[in-house]
Amino acid sequence: MTAPFSICVYCGSRAGVAEPFVQSARDVGRWVGERGGQLVYGGGNKGLMGTVADATLAAGGTVVGVIPHALVEKEFAKRDCTELHVVDTMHDRKQKMAERAGAFLALAGGIGTFEELFEVWTWRQLGYHDKPVGILNTTGYYDPLLQFLAGSVRAGFMNDWQMDLVRVGTEPAALLEALVAGSKPAGAQDLSRI
């Protein structure tokens, strides 16, 4: 049976120092699972990655993990995913995740999360896909980044149209509903030309 929607979640392989980060990952996973959805994520079993996957599975959803060989031990690959794909490179990982998802959501995370968010955002503004992209701004975590990006618009290196390609929210359910409402069927777009 095919899931009614598939959402790719980017988030930290660490839990962070504040409980709200962990709780938001739990809330996202529970929301996806309770609606019979599919979570696509980086395949790790640590930090927010493990939390969102565990919550999705516990609530009845399916979980597709994608992890490169080099990170199987480092990120403790989650062996009980519905599907666990071990791929050769980080590029393979990101492309497979993008192909399997109908929308993208960034939770709190570090440099890897930032890189994944900016990549799918860039792909969207270049027209490689038209899937929704969102940022869950738990406890104002992304406020400094959003302020920096607003400064980039003022400086003329970005514009409001580019900023409008990303939906920012603080409440998991409302943001997920908006992303899923605008999502595309997983695999509906050929991302092999990226």
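Observations on the model:
- Scope segment 72-98; condition crowded, with 19+ Cβ neighbours inside 10 Å and part of a helix (DSSP H, G or I); matching residues: ARG93, LYS94, MET97, ALA98
- Boolean, GLY140 is on the phi > 0 side of the Ramachandran plot and not charged (D, E, K, R): yes
- Residue satisfying condition, being on the phi < 0 side of the Ramachandran plot and touching a helix residue (DSSP H, G or I) at 6+ places or on another chain (Cβ under 7 Å), within set GLY60, GLY33: GLY33
- Count of segment 102-118 residues which are buried (at least 17 other Cβ atoms within 10 Å of the Cβ) and either without any contact (Cβ under 8 Å) to a residue 24 or more places away in the chain or charged (D, E, K, R) (or both): 1
- Of all residues in segment 135-152 being in contact (Cβ under 8 Å) with a residue 60 or more places away in the chain and not β-branched (Val, Ile, Thr), the one that is farthest from GLY16 (Cα to Cα): LEU136
- Hits in segment 129-173 - residues which are loosely packed, with under 11 Cβ neighbours inside 10 Å, more than 22 Å from ALA98 (Cα to Cα) and within 20 Å of the chain's Cα centre (by Cα): GLY140, PRO144
- The set of residues from segment 2-54 being more than 23 Å from ARG93 (Cα to Cα) and either acidic (Asp, Glu) or part of a strand (DSSP E or B) (or both) comprises GLU19, ASP27, GLU34.
All of the numbers you see were taken from the coordinates with simple rules; none came from a lab. Please read all numbers here as calculations on a predicted model, not as lab measurements. A quick note on method: Cβ atoms are made from the backbone with ideal geometry, for glycine too, and the neighbour counts reach across all protein chains shown.
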